[in-house]
Amino acid sequence: MVTLVAVRTKPTYTIHIEPALFDQTMLTPAIKPRQICIFSDPTVFGIYGSKLAAVLQSSYHCPVESHLIESGETNKNLVSVAYAYNHLADLRFERGDLMVALGGGVIGDLAGFVAATYLRGVPYVQVPTTLLAQVDSSVGGKTGVDHPLGKNLIGAFYQPRAVWIDPHVLRTLPLNQRRAGLAEVVKYGVIADQAFFEFLENQVAVLRRDVIRDEDWPVWNEVIARCCQIKADVVASDEKEITGHRAILNFGHTFGHAFETVTRYSSLLHGEAVAAGMRAAGRMACALGLWSAQEVDRVEQLLDALELKVALPPLEPSAVLDAMRSDKKVRAGKLHMVLPQAIGKVCVTSDFKKEDVLTAMRSLAETKV
Ligand SMILES: NC(=O)c1ccc[n+]([C@@H]2O[C@H](COP(=O)([O-])OP(=O)(O)OC[C@H]3O[C@@H](n4cnc5c(N)ncnc54)[C@H](O)[C@@H]3O)[C@@H](O)[C@H]2O)c1
């Protein structure tokens, strides 16, 4: 089963979703590289690198090099970027050559940033291998690296030429990473698609299974395709976050990024922080009279059922507020928050007080979320 999703940005590109994609000739975008460089981390490259290199070689008939970066958020920085530039310069990489990002969001964001800036831009393709990267980070062209003062502070909007997704790679993804990726999946239902949210509620038994079974693939394909479609639509309507519509993708992320920053990226996976952040934002929307308590419960029940429950470490509320103030969603000194009004509908608002944020946070501290 093949699903193609068009992303109508400049340039337009296609997300190609197909189980066992690595077993066949990759569809080639209109590029004729003299050489290809696969960016990856040692874990992912160890499992899929030689297979992908062989497929690329037979599809493009050119040499395929590799550039490995140690996995983990702590390596998504300018030191890794400089190391990558050195390697590309050694390879005498040209503007017509092709970079391929094979891995999760860390590799995709970093490789995309290198592609955006080396020689003022070389083409790249995303081959995402985590659920989070398949449903979110590989699509939309946000590339970048972290700075000691904040996550993703340095970056560029730079669209890939294609996204190639093989859902079967989720088989080797550690269970906690797959679960964390489901937070972004739930996010899409809440921000844009009530029917998709209901679909997720109906498929909980499949989605929470420890080991994916053969009969589960149609559900996973549907999940990835629906998320990619929603993200493609949102990104096409506001490619560079100018009108503000793209900001709805940040539901749960203002709290979530602050939780990650305050815990120094040590105890929470990104998706776990986003799940806790969606609970906080939901409770805040309810307290402000924007959203019904019944729907807040419904979303939290789905998060519970998908085992997206973490024990947040004790957090100093003022530290979380400080972290929020260095968030990229601060405009003219005012923090903006994505808050739900119904399942499938959110608003972006700055119409709240510091106390509303603190109350929502305190309510999380009282329960295991
Ligand atoms: N650009 C965007 O729009 C966007 C959106 C959301 C998140 N992000 C970024 O994504 C990053 C998080 O990405 P992530 O959650 O994918 O984590 P990750 O890239 O750190 O990958 C998680 C781990 O899984 C391993 N792994 C990946 N695929 C595997 C597979 N198929 N089998 C076995 N192991 C595998 C990796 O080696 C790594 O250790 C953050 O830096 C975040 O800022 C970017």
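Every number here is computed from the coordinates shown, using simple stated rules; none is lab data. Source: prediction; values computed, not measured. Counting neighbours? That spans all protein chains shown, and the Cβs are built from the backbone with ideal geometry, glycine included.
Taken about its Cα centre, segment 3-172 carries a charge dipole of about 520 debye when Lys and Arg each add +1 at the Cβ and Asp and Glu each add -1 at the Cβ. Ordered by the count of other Cβ atoms within 10 Å of each Cβ, fewest first, MET324, MET284 give MET324, MET284. Each of VAL190, LEU335, TRP220 was scored by the projection of its Cα onto the charge dipole of segment 176-365, and the greatest displacement toward the positive side belongs to LEU335; charges sit on the C-beta of Lys, Arg, Asp and Glu.
Of all DSSP beta bridges confined to segment 3-172, the antiparallel ones make up roughly 35%. Label reach from LYS345 (point 7 Å along Cα→C-beta): in segment 187-204, amide nitrogens under 18 Å belong to 188-198. Within the listed set LYS231, LYS151, LYS334, the residue fluctuating most in the Gaussian network model of the chain (springs between alpha-carbon atoms under 10 angstrom) is LYS334.
Fewest neighbouring Cβ atoms within 10 Å first, the residues TRP291, TRP220 line up as TRP220, TRP291. Since only ALA180, THR261, LEU308 are under comparison, the one whose Cα sits farthest along the positive direction of the charge dipole of segment 176-365, derived from C-beta charges on Lys, Arg, Asp and Glu, is THR261. Helices in the chain, meaning DSSP H runs of at least 4 residues, each add -39500 (n - 2.57). Divided by all residues, the mean residue ellipticity at 222 nm is -13000 deg cm²/dmol. Here the dipole of segment 176-365 is about 580 debye; that uses its Cα centre as origin and unit charges on the Cβ of Lys and Arg (positive) and Asp and Glu (negative).
Under a model in which nothing but the beta-carbon of Lys, Arg (+1) and Asp, Glu (-1) is charged, the chain shows a dipole of about 840 debye around its Cα centre. Once C-alpha pairs closer than 8 Å and six or more residues apart are averaged by separation and normalised to the residue number of the chain, the relative contact order reads 15 percent. Dipole orientation for segment 3-172: of the candidates ALA111, ALA133, GLN159, GLN159 has the Cα lying most toward the positive pole (charges on Cβ; Lys, Arg +1; Asp, Glu -1). Sorting CYS37, CYS62 from the fewest to the most surrounding beta carbons within 10 angstrom yields CYS62, CYS37.
Once the Cα-Cα distance is subtracted from the 0.36 nm per residue extended length, the SER58 to ALA30 segment shows a gain of 8.5 nm.
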